[in-house]
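See structure below.
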Amino acid sequence: MTEAVIQARGLCNRFGSQTVHENLDLDLYRGEILAVVGGSGSGKSVLLRSIIGLRQANEGRVTVFGQDLAGLDERQRSQVERRFGVLFQKGALFSSLTVTENVALPLIEHAGLSRADAEHLAGVKLALAGLPISAADKYPASLSGGMIKRAALARALALDPDILFLDEPTAGLDPIGAADFDQLILTLRDALGLSVFLITHDLDTLYTITDRVAVLAQKKVLVAGPLSSVAQADDPWIHDYFHGPRGRAADDAALRARQER
Amino acid sequence: MTAPSATLDHQQPSSLRIAGDWTLAHYASLKRTCEQLRNQYSPDTAVDLSQLGRLDTAGASLLAELLGAERLERCTSTLSEANRALLQTVYRSVQNYCIPVKQPERPVLIQLLSRIGRAVDALWQDTLQVLGFIGLILQTLLLRLFQPQRWRLTPLVAHLEQTGLDAAPIVALLTFLVGAVVAFLGATVLAAFGATIFTVDLVAFSFLREFAVLLTAILMAGRTASAFTAQIGSMKANEEIDAIRTLGLNPIELLVVPRVLALLIALPLLTFVAMICGMVGGAVVCALSLGISPAMFLSLLQTDIGVQHFLVGLAKAPFFAFLIAAIGCLEGFKVSGSAESVGAHTTSAVVQSIFVVIVLDAIAALFFMEMGW
């Protein structure tokens, strides 16, 4: 088995008296696309935040590339964080910068490029993420939801990270855009050896690109494994999730797509 | 990790050898190399990619630009499947994507004039908007005045607490201190004429007519106008205002009227607090450093200061209150989309309302003087 780039062990997250995670274990292996699914409010985004260090878990530890993030000093931490690319649910683009400047910012700050080079490279990333050229000089406030997603992906990819965290990347995209997005993730993963941590509700994404699926329910990772085995798991919620009308449709669509290829 | 290189072999037939890691870390030097090479090699140059190490999107974009479509088809057979896919994906994306040329800047004089023109136009539009908004508020107020069942008492009381009660301590402290300062100033100047006793008149006169209402209004402009803008502005940014409209409700009635009424009640009350505290501040200084006892202070107040000064000061408060609340709410409605816009309009609300308060106070002072009140 390949090495785990992220290991979460015994993670507990509580908000006041409400427990979101209890003794949660999760691994992300190098080069895989791991999808985390779960009902609304099952703590998927909280899990993401505790892994990337935006939230200190109440108990348990997270090691990234074999290092415990909480135990690192600021400089080492910044080194590790540079290897993360995070796409937040609502994009989290800086509203005072244009889209190009948003993507160029980490290139200037961390890769030490000149402004002209950084903006040129930012243009490449934006093109890669599928953003139309007319949007490059706009401010995030004047972009549509789908465009914000793409611009945010371009920013997440700016430093060619090792691990890509995606929080519901295809939500709010039209089906064509969502399918392109899936293919883009696959291409990047294959070419760059990215490890992808993907939170999604999009069953088509699940069936098309994921290597493993982790189901978050009852405050822990209920099952984790390849989609085919997870879908067969003996749990009513999982059964409803994968074998409901939408699950069946996505399964059929993925099957047809594979046959056509 | 190996250093990247692109070397051109000038023998016939010439060939270009790409080697090493083409990654972000080497971007700047690679870009220079590529720019030099682009003019040198001919279309029939063979390209050898077999020595290529790691490749990321930054390196791939340079390579794609250097080689062009046709060569990418021909020469990538030696590449790993993953690298070839990456190169082709990057090439396809950048193909039709070039950064647009920035328009040349216009002469400074033209820019200056156009900025002045825009600013004047914006000022005119703002003034029109404020007047229109005031009309809208008055209309809604009048319509609802005769429908007591649609008065919204709960938000009114809540805003009254926020804008009135919560502001009372700061207003009291501030005016107490200013009162003391005015008394000190008066004492110093008047001592030269042997007329320190008139410090009482100075403090009472200035606070009743001007300082109490002006200080309170400026404080409210900073504290309440900004709060109104931020509250309504974040609702606007979150599409809550649109939701109110689509539910068939009137945002003016729901959001603006309670705030305006609350400030209309709160500002005169706070002005009264400010008058008392300012004069207490003056009285304390008089008692401590001028030897004018509080009893004497009070009796001088009764004999020298007519009640019309109190009324002149208090009469201005509702006008200030209405304008501060209207400007605060209007700026909130002008917010568009982003959180940054909320900040910009909050600043604008404070500046505008302080400006309007001071201008109106100056006009009122002239008016009262001419009337001899």
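The values are calculated or read from the model by the stated rules, or taken from the named source; none is laboratory data. What you are looking at is a predicted structure, and each value in this text was computed from that prediction instead of being measured. Reconstructed Cβ throughout: ideal geometry from the backbone, glycine too, with neighbour counts over all protein chains shown. Protein only, heavy atoms only, side chains kept; ligands, DNA and RNA dropped before computing areas. Shrake-Rupley method; radii C 1.70, N 1.55, O 1.52, S 1.80 Å.
By DSSP, the beta bridges lying fully in the protein assembly as shown are antiparallel in about 50 percent of cases.
Toward the positive end of the charge dipole of the protein assembly as shown, with +1 on the Cβ of Lys and Arg and -1 on the Cβ of Asp and Glu, the farthest Cα among B:Ile170, B:Phe211, B:Ser14 is that of B:Phe211. Given R0 = 45 Å, the distance between the Cβ atoms of B:Ser15 and A:Ala253 translates into a calculated FRET efficiency of 0.45.
Residues of region B:338-355 falling in the label zone of B:Ile170, defined by backbone nitrogen less than 18 Å from a point 7 Å along Cα to beta-carbon, are B:343, B:346-355.
Taking 8 Å as the Cα distance limit and 6 or more residues as the minimum spacing, I'd like the relative contact order of region A:91-160 as a percentage. This gives 46 percent for region A:91-160. Note on chain A: helix-only mean residue ellipticity at 222 nm, from DSSP H runs of 4+ residues weighted -39500 (n - 2.57) and normalised by residue number, equals -12500 deg cm²/dmol.
A full extension of the chain between B:Met296 and B:Asn250 corresponds to an added length of 11.0 nm, given 0.36 nm per residue minus the alpha carbon distance.
Per-peptide packing, taken as the mean over residues of other Cβ atoms within 10 Å, places B:232-240, A:230-238, A:159-167 in the sequence A:159-167, B:232-240, A:230-238 from highest down. Among A:Glu22, B:Glu70, the order of accessible area from largest down is B:Glu70, A:Glu22, computed with a 1.4 Å probe on protein heavy atoms. DSSP beta bridges in chain A, what fraction antiparallel, as a percent rounded to 5? Expressed as a percentage, antiparallel bridges in chain A total about 55.
Each Lys and Arg contributes +1 and each Asp and Glu -1, all at the Cβ; summed about the Cα centre of the protein assembly as shown, the dipole is approximately 520 debye. For region A:168-198, state which residues have at least 30 Å² less accessible area in the presence of all protein chains than in their chain by itself, taking the probe as 1.4 Å and leaving out ligands, DNA and RNA. The answer is A:Thr187, A:Ala191, A:Leu192 - residues whose exposure falls by at least 30 Å² when every protein chain is included. Among B:Leu30, B:Leu87, B:Leu49, flag the residue with its Cα farthest along the positive direction of the charge dipole of region B:5-95, charges on Cβ as +1 for Lys/Arg and -1 for Asp/Glu. Final value for the positive-end residue is B:Leu30. Residues within the reach of a label modelled at B:Ala243 (point 7 angstrom out along Cα to beta-carbon, backbone nitrogen below 14 Å), restricted to region B:316-360: there are none. Selection among B:Pro294, A:Leu188, A:Ser114 by position relative to the dipole of the protein assembly as shown gives B:Pro294 as farthest towards the positive end (Cβ unit charges, Cα centre).
Stretched out straight at 0.36 nm per residue, the stretch from A:Gln218 to A:Arg83 would grow longer than its current Cα-Cα span by 45.5 nm.
Each of B:Ala315 and A:Asn23 was given a label point 7 Å from its Cα along the Cα-to-Cβ line. The distance between the two points is 7.8 nm. On region A:1-58, 44 percent of the accessible area sits on carbon and sulfur atoms, based on a 1.4 Å probe. Remark: the Cα gyration tensor places the protein assembly as shown in the prolate category, a/c being 1.5 or greater and a/b exceeding b/c. Charge dipole (Cα centre; +1 on Lys/Arg Cβ, -1 on Asp/Glu Cβ; no other charges) of region B:5-95 amounts to roughly 140 debye. Only protein heavy atoms count here; on that basis, with a 1.4 Å probe, B:Leu254 has an accessible area of about 50 Å². Counted over region A:89-229, the DSSP beta bridges are approximately 50% antiparallel. Across chain B, the mean sequence separation of Cα contacts (distance under 8 Å, 6 or more residues apart), normalised by length, yields a relative contact order of 17 percent. Per DSSP H run of at least 4 residues, take -39500 (n - 2.57); add these up for chain B, divide by its residues and hand me the 222 nm value, nearest 500 deg cm²/dmol. After summing the helix terms and dividing by residue count, I get -23000 deg cm²/dmol.
Ligands, DNA and RNA left out, the 1.4 Å accessible surface of chain B is 67% carbon and sulfur atoms. Just the protein heavy atoms count here, and of the accessible area of region A:91-160 at 1.4 Å, carbon and sulfur take up 56 percent. Each chain gives up part of its surface: A and B jointly bury about 2200 Å² of accessible area, both sides summed, for a 1.4 Å probe. Averaging the Cα positions of each part gives two centres, and for region A:198-250 and region B:310-373 these lie 59 Å apart. Over all distinct Cα-Cα pairs of region A:91-160, the Kirkwood formula returns a hydrodynamic radius of 11.4 Å.
Protein chains only, probe 1.4 Å: how do A:Lys149, A:Lys138 rank by accessible area, largest first?
The ordering from most to least exposed comes out as A:Lys138, A:Lys149.
Per-residue mean of foreign Cβ neighbours for A:104-115 is 2 (Cβ atoms of other chains, 10 Å radius).
Each label point was placed 7 Å from the Cα along the Cα-to-Cβ direction; for A:Ala233 and B:Leu138 their separation is 6.7 nm. Other protein chain C-beta atoms within 10 Å of residue C-beta, averaged over A:90-100: 1.
Estimated from the Cβ-Cβ distance and a Förster radius of 25 angstrom, the FRET efficiency linking B:Gln308 and B:Val351 is about 0.15. The orientation-averaged shadow of the Cα convex hull for region B:256-346, equal to a quarter of the hull surface, comes to 8.3 nm². Taking the Cα centre of region B:141-371 as reference, the dipole from Cβ charges on Lys and Arg (+1) and Asp and Glu (-1) amounts to some 340 debye.
Taking N as the residue count of chain B, its C-alpha radius of gyration divided by 2.2 N^0.38 Å amounts to 1.70. Estimated from the Cβ-Cβ distance and a Förster radius of 22 angstrom, the FRET efficiency linking B:Ala195 and B:Leu366 is about 0.20.
Please report, to two decimal places, log10 I(q)/I(0) for chain A at q = 0.13 Å⁻¹ as given by the Debye formula with identical point scatterers on the Cα atoms and no solvent. With one equal scatterer per Cα and no solvent, log10 I(q)/I(0) is -0.87. Per residue, the average separation of C-alpha pairs within less than 8 Å and at least 6 apart gives region B:5-95 a relative contact order of 29 percent.
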